[in-house]
Amino acid sequence: MTTTTPKATTPPTMSRRRFLARAGTLAVAFSLAPALSQSLATQARAAGTATTAGNDMAVDSWLVIGSDSGVTIYSGKVELGTGVQTALSQIVAEELYVDLNQITFVQGDTSLTPGDQGYTAGSQTVQSEGPKLRIAAATAFQTLLGLASQQIGVPTQALQARSGQIGIGHNLNRARGYGQLIGQQQIQLTSNPNVALKSPSNYTVVGTAVPRVDLPAKFLATFSYLQDLTVGGMLHARVVRPAGRNASFVSLDDSACAAVPGFLQVVQRGNFVAVVASDEWAAIQSAKALNVTWRQGPPLAAEGNLAAELRDPANIYQSGPSVAPVGDVDSALAGASATLQADYFTPFQMHASVGPSCGIADVRGAPDPATGIQATVWSGTQGVYPLQGAIAGLLGLPTAAVHVIYVEAAGCYGHNGADDAAADAALISQAVGKPVRVQWMRQDEHGWEPLGPAMAHTLRGGLDSKGNVVAWDHTVWTPSHSGRPGGNPGNLLAGQEIGALPPALGAPNGSGTRNQPVNYAFPNIRTTENAVANFAMAPGTGGRLATAAPLTYTYPRTSSLRSLGGFSNSFANESFMDELAAQAGRDPYAFRLSYLSDPRAVAVMKAMAKQAGLTGKKPSAPSGMLSGRGIAYLQYENNLAYLAAAAEVLVNPASGVVRVTRVVVAHDCGQIINPDGLTNQIEGNVIQSVSRTLKEQVAFDANGVTSVVWATSANFPGTQYSILHFSEVPAVEVVLLDQPAAAPWGAGEPATEIVPAAVGNAIYDAAGIRLRTIPFTPDLVLAALAAKNG
Amino acid sequence: MATPVTRTLSINGTTHTVSVDDGTEPLLYVLRNLLGLKGPKFGCGVAQCGACTVLVDGVITRSCVKQLATLNDGDSVTTLDGLASSARPHPLQQAFIARQAGQCAYCGNAMIMGALGFIEGRIAAGNRAVPSEDEITQFLSGESSTSPLVYLCRCGSHQRIVSAIQQAAKEMLS
């Protein structure tokens, strides 16, 4: 299998009509968008098994088989370093009886993958796209089978298929390749939702540990990441971002830039300032040489007081129940034998990709007469369509004049700086009339990427006289987790710098409340969200609109970081669950099990307990150290993957250093497409989450983020943004519970959520201290130990 | 004022003469932009992550801070692009593929080139023992006696990376 990236210098002109109209192809039209699937299904039912895809409006993806028997999938979903491409290819290979190397993905291109497929995010790809690709592949196969029956002259029951060929019996006698079967015909089909599917018991590819298709080229240095892409005639640029989050441009002096060989020009519009040069080092040197005067704006909220600041009613634009309440929490708390209340807090955190964001854009003075394309943008975005609209707005062009091509970049873990870097490149290219590459420096990425929001929680619980939970009340305060481009230039950093404003803040959409509800069978449950605005709100807009430009930030800009609110909500829930168990004098494992009846929930708990050896003694501690073990349980988004985890820690009471030594995760995400790919994902989630739990916290002052590199050094004094080193990585043990007959659910995020409480509970087990603030730094541990020891 | 610099280097076994207008330009940009190599990556520009790692005369070098002017004519530079022979990938590359030791794999250059310098450095010092997992971990954390450099992975492929390096070391030392 290969991935094609259209040649950079010649924007693709092939339209869907063109490849659908080619002789010698079989094309299956299908839809990956939920609303369209419905109309497509209706259409297919009305028309029978094989219909002509007459209505382009109902179609946004194609599976095309060519004369060489190769299969090409035109899909808006993109590879984000998670192995999604491999998993989707396995599904197609299985239903269509082809080899993986016969499959080509054309992904994330607004010209080749028509239709808005939204974002590759939220662990959704395999679970939402997989079944649709499966049906499309089966639709193609049934037609090929029919052709083979006609052409070979035997009933379909006598035929078998392998590697893109159909023939008689196991040996494929008189075999014909798919390309031969199609011949010069031009076959257009619509995906048939009622098509016969292969039984999971006959699977040979799905459910096996197929190696990732993209990895060899990456290790052989033949793979082109976005950062490696070059476009003919491109210039290099660096953006000189404002001296403060709310600073505004006053003046600039570029006289020192003239001494930099290769310096070409400065681009300035509003608060957007960039330097352009003929080569990359010249761009970096020019940015250093440019002298910009900024006027500082209002200060950001104080970092040291964030937990209280987030609860400030002045910053809350909407409050309400996260989900419908169960029972009557207030009465139950009033009647409880014992009540407990605790506040939790998690800080701003970064995606912190090891490859800073990059964007390349070629914005012409006029549209191409053949294609109508005026701006071509290469980006590591999670959604080519939402970015296309936002860039169009930024440049003042019609959406159809903007062509966005996805090119894989370094791992993103959510909405990082990828879209912003693309916008930077587009704005600069428009100004200079040439293709431009913008590579963010590390300080740009750490300093300006959209952050995972800080969150504050208050939990209250009530126990009856027997230690049973009678009330559970969780209130969360959170800034927005949804700052993606969404077709609006006001969501792009460059857009905001030239005066665009974000759209009105929407109703809370569940992203900040992800996994705030619990799946425990408590009689009375209430969950409340307070949505916190990042920026000053305009009076008289119902508190939902930003003030007039320039945007005035109260907190750093936030958006989607892996698992969204789930990391913080699950930390609070599963820590508080342990607090209640301790209050009730119950074992945390048995306490949780007593509120779980779903067999799959019980199964992951038992699998975790067995692997972790919960019934045995906790691990011994080296001299001078304290050892502990903690557990956690959750169901991702309350209705998807089931997870249980056990963490083992060593706490050094002298230094305050916590070391997570072992994490066991039992994981049931339904049907498993690729067990090794899945295990790799879970390991990655766990290790990244241990990093977030122990180390990660964005430092910022009145003007902006101050933790702009990985480690403190002479040139970068003060606290920096450190992530886990190899010596701090736990042993991760994954127990997979496969459900071959169930739907496949995503695994890109769930295990991120399970870690922080398991670690916090382990620290409580080890040292008797309850840590309610992340990260669990040595200072925090020492302070808690000092408080405990009075 | 910028000082132009020209160096004749052996890069992955081939002689190249490279000229830059400003001798403070780091080797990383010379390799990537003048020679079109894709192995060394830009990660931080301050020698804190390892993405840009290359070997210069066998010595682990963070090419993002190694100015071209500080290299000498005749210096030998090895990058990830040059590890594979025409016949087969290097044992480290084979092991990383076999162990699926990456997710986004943007740090793959850091891990493979760092490990190559680590293992070859041990061999040059007369130590032909296969490194233990602890020794590999210490090296990648900048905690070994020979190198303070830190190697960062964000996707969480650490366990597989350590295992792949040890697997490759066994083959390289056999």
| task | Kindly provide the set of residues from segment A:662-684 that are within 13 Å of another protein chain (Cβ to nearest Cβ) and either in contact with a strand residue (DSSP E or B) (Cβ under 7 Å, 6 or more places away or on another chain) or among the β-branched types (V, I, T) (or both), ordered by number. | result | A:R662, A:V663, A:V665, A:P675, A:L678, A:T679, A:I682, A:E683
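Every residue in segment B:44-61 that is touching a Pro at 6+ places or on another chain (Cβ under 9 Å) and part of a strand (DSSP E or B), please.
B:T53, B:V54
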| Which residue out of A:I682, A:I672 is under 21 Å from the mean Cα position of the chain (by Cα) and in a loop (DSSP other than H, G, I, E, B)? | A:I672
| Has segment A:548-555 got any residue that is at pLDDT below 95 and in contact with a Lys or Arg (Cβ under 7 Å, 6 or more places away or on another chain)? | yes
| field | Criterion (in contact with a Lys or Arg (Cβ under 8 Å, 6 or more places away or on another chain), modelled with pLDDT of 95 or more and among the hydrophobic types (A, V, I, L, M, F, W, C)) met by exactly one of A:V708, A:V729, A:V781, A:V759 | value | A:V708
| task | Please determine, by comparing only the residues of segment A:685-701 that are within 19 Å of the chain's Cα centre (by Cα) and either more than 10 Å from every other protein chain (Cβ to nearest Cβ) or of a type in the set (D, E, K, R) (or both), which one is nearest to A:L561 (Cα to Cα). | result | A:R692
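If you take the residues of segment A:330-352 that are within 14 Å of chain B (Cβ to nearest Cβ) and in contact with a Phe, Trp or Tyr (Cβ under 7 Å, 6 or more places away or on another chain), which of them is surrounded by the most Cβ atoms within 10 Å (Cβ to Cβ)? Quick ask: steps written out before the conclusion?
Taking segment A:330-352 first, the residues within 14 Å of chain B (Cβ to nearest Cβ) are A:349-352.
Still in the running and in contact with a Phe, Trp or Tyr (Cβ under 7 Å, 6 or more places away or on another chain): A:350-352.
Details: A:M350: 25, A:H351: 26, A:A352: 28.
If we take residues in segment A:330-352 being within 14 Å of chain B (Cβ to nearest Cβ) and in contact with a Phe, Trp or Tyr (Cβ under 7 Å, 6 or more places away or on another chain), then A:A352 is surrounded by the most Cβ atoms within 10 Å (Cβ to Cβ).
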| Those residues of segment B:120-167 which are within 21 Å of B:G39 (Cα to Cα), surrounded by fewer than 24 Cβ atoms within 10 Å (Cβ to Cβ) and more than 8 Å from every other protein chain (Cβ to nearest Cβ), in sequence order | B:E120, B:G121, B:L149
| request: Report the residue count in segment A:508-526 for those that are hydroxyl-bearing (S, T, Y) and modelled with pLDDT under 95. | output: 1
| Yes/no for A:R692 being in a helix (DSSP H, G or I), among the charged types (D, E, K, R) and either modelled with pLDDT of 95 or more or within 30 Å of A:N305 (Cα to Cα) (or both) | yes
| Right, A:G359: of a type outside the set (A, V, I, L, M, F, W, C), touching a residue at least 60 places away in the same chain (Cβ under 8 Å) and in contact with a Pro (Cβ under 6 Å, 6 or more places away or on another chain) or not? | no
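This table checks each residue for (1) touching a residue at least 24 places away in the same chain (Cβ under 8 Å); (2) closer than 26 Å to A:V729 by Cα.
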residue	(1), (2)
B:S76	yes, no
B:L80	yes, yes
B:A84	no, no
B:R88	no, no
B:P91	yes, yes
B:F96	yes, yes
B:F118	yes, yes
B:I123	yes, no
B:G126	no, no
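Here is a yes/no grid of residues against (1) touching a helix residue (DSSP H, G or I) at 6+ places or on another chain (Cβ under 9 Å); (2) crowded, with 24+ Cβ neighbours inside 10 Å; (3) not in a loop (DSSP other than H, G, I, E, B):
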site: A:A400; (1), (2), (3): yes, no, yes
site: A:D419; (1), (2), (3): yes, yes, yes
site: A:L427; (1), (2), (3): yes, yes, yes
site: A:V438; (1), (2), (3): yes, yes, yes
site: A:Q443; (1), (2), (3): no, no, yes
site: A:R460; (1), (2), (3): yes, no, yes
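Is it true that A:G411 is in the same structural domain as A:V239 (by TED's automatic domain parsing) and closer than 21 Å to A:I284 by Cα?
Details: in the same structural domain as A:V239 (by TED's automatic domain parsing): yes; closer than 21 Å to A:I284 by Cα: no.
It is false that A:G411 is in the same structural domain as A:V239 (by TED's automatic domain parsing) and closer than 21 Å to A:I284 by Cα.
Would it be correct to say that B:C104 is part of a loop (DSSP other than H, G, I, E, B), touching a helix residue (DSSP H, G or I) at 6+ places or on another chain (Cβ under 7 Å) and crowded, with 24+ Cβ neighbours inside 10 Å? Working first, answer last.
Details: part of a loop (DSSP other than H, G, I, E, B): yes; touching a helix residue (DSSP H, G or I) at 6+ places or on another chain (Cβ under 7 Å): no; crowded, with 24+ Cβ neighbours inside 10 Å: yes.
In short, no.
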| request: Answer yes if at least one residue in segment A:312-324 is within 14 Å of chain B (Cβ to nearest Cβ), in contact (Cβ under 8 Å) with a residue 12 or more places away in the chain and on the phi < 0 side of the Ramachandran plot, and no otherwise. | output: no
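The values are calculated or read from the model by the stated rules, or taken from the named source; none is laboratory data. Please read all numbers here as calculations on a predicted model, not as lab measurements. Note that we place each Cβ from the backbone using ideal geometry, even for glycine, and neighbour counts take in every protein chain shown.
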